[in-house]
Structure formats: C-alpha cells, structure tokens
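Structure first, commentary second.
Just so you know, all these numbers are worked out from the coordinates, no wet-lab data involved. Everything quoted here is computed from the prediction, not taken from an experiment. Methodologically, a virtual Cβ is constructed for each residue, glycine included, from the backbone with ideal geometry; neighbour enumeration extends over all protein chains shown.
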Amino acid sequence: MPQGQTVLITRRWLSRKEGELPSATQGAFWLDYKRLYMAFKPSMLRIYLVIKQPSAYQEVMQVLGFKEATNTYVEIEATGYHCMANDMGPRSVDGWLTGLAQRELGVEQRFSLQIESRQLLVDEQILDLTPLEFGVAQCLLARPGRTVSRAHLLQQVWLTQYQGGSNVVDAVVPTLRKKIGPYASAIATVTGVGYRLNLDEGYTPGNNINEP
C-alpha cells in the first residue's frame, strides 16, 4: 500500500440468528460500515472482508467490485474462510461511488481531471501532464463534443490574444494524444478551427497518435 493510504478490514460480521447470511442485523452493520469508510476518504483505498460463503453475496460483490484476494483462503477447524477485497482506485471512495453510479446509468466516464495534483485520470490510470497539456485537456473536457478553437485555447491556456502563434497549440496536442494512448483519436482535429473531444470515441490502439 502507498504511504498515507488507508485500508478497512472487517474480520467477520455476524448476527445471533442468521450468522453471516443477509439479514436486517447485517443491514444495520453495513450502514455503520459505510459511515466509517466515508469518514476516511480521501485516504481510503481498499476494503477487505472475510466470509465463509461468498456465493451468498456473489451478485452484490460483483456489482460493488469485490474480488477474492489471491492466496488468502484458509481453513480453521475444518471451516473455510475467503478474503474478499475491493480496490477503490486512486480517487478513493468518491471515485468508486462515481464509477458505480455511472455504470448503473450506463455512462462511461473515460477522462477525469485531478485539479489539485494537475493530473489526468484515464480509465483509473493517473497520467502526469505538463502545465500546457493540463490547460488544453481542461478546456476540451469543459466542452465535450464541441469544437474548441485555437484562439480560445491561446486565450485560456497561453493567456494571449495573438493568433499568429497558434502553432504552439498544435505542438501540445500530439503530446497529449500520445499520453492518452489508445484513446488518442478522442481528440479530433477540426480543420482550420481547432479541436474537439469526443467522449464516445472507441478504443483504437495507436490511431491518430501523431496526427496534428
């Protein structure tokens, strides 16, 4: 685990009547559990659970993103125990909950700017950007599906009204495309005008990475 990150471990949850099986008692436990991991954001990175019967929770575990941790199964007095893990990703609880909501709504959020760290999140991978790359990405993400002119980029990123030097924009875009790799074609060139970010652009390895 990276230094400064938090892990929440639940050794067991049990009710007197149903044991670890779903019950009203367990519902109350989960409510307190949620309050706990919300209190630990943004350092909360993973949750671990120990259960005997993962099959009883297979559907909900799959939705929430839990998977059985590798090489953690143990038997104690002839009873087997499974360790289930949920890695929330670099955006902690907020990123995990956002991802759950987007999947529920059928919305795919491929790109996300991390304002404080000045980085770009692409499919849960954090990319370091130069100040100019970050400025261009910020302008494009603010207007998804709409053409952003070179003049606007110069004004917002380079803080200048001079359009004669618009080739500086064309020099930054290829490096930004290269960093987002298989989604490079999502940044489309609008000939004679500027650029447009297409969030619904498909996964196209190597396509248009070097296109100005």
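Partners of Lys67 within straight-line reach, counting lysines whose Cα lies under 19 Å from its Cα and excluding those fewer than 8 residues away in the same chain: Lys34, Lys52. Between Pro22, Pro144, Pro42, the GNM of the chain built on Cα springs shorter than 10 angstrom shows Pro22 fluctuating the most. Helix 24-39 and the longest principal axis of the Cα set of the chain meet at an angle near 40°.
Against the longest alpha carbon principal axis of the chain, how many degrees, from 0 to 90 and to the nearest 10, is the axis of helix 131-142 turned? Computed tilt is about 80 degrees. In the range 108-197, a dipole from Cβ-located charges (positive for Lys and Arg, negative for Asp and Glu) runs towards its positive end, and of Leu159, Pro131, Thr189 it is Thr189 whose Cα lies farthest in that direction. Across the chain, the relative contact order, built from alpha-carbon pairs under 8 Å that are at least six residues apart, equals 13 percent.
What is the gain in length, in nm to one decimal, between Leu64 and His82 on full extension, counting 0.36 nm per residue of separation less the C-alpha to C-alpha distance? Full extension of this stretch gives 4.8 nm more. Charge dipole of the chain (Cα centre as origin; +1 on each Lys and Arg Cβ, -1 on each Asp and Glu Cβ, all else neutral): 400 debye, rounded to the nearest 20. Residue exposure proxy: Thr10, Thr191, ordered by other Cβ atoms within 10 angstrom of their Cβ from fewest to most, comes out as Thr191, Thr10. Using only the Cα atoms of the chain, build the gyration tensor, take square roots of its eigenvalues as a ≥ b ≥ c, and label the shape rounded, prolate or oblate: rounded if a/c is under 1.5, else prolate if a/b is larger than b/c, else oblate. Prolate, because a/c is 1.5 or more and a/b exceeds b/c.
Antiparallel as a % of all DSSP beta bridges within the chain, to the nearest 5? Of all bridge pairs located within the chain, approximately 85 percent are antiparallel.
For the range 29-99, the relative contact order works out to 41 percent when only alpha carbon pairs closer than 8 Å and six or more residues apart are counted. Against the chain, whose longest principal axis comes from its Cα atoms, helix 92-105 is set at around 80 degrees.
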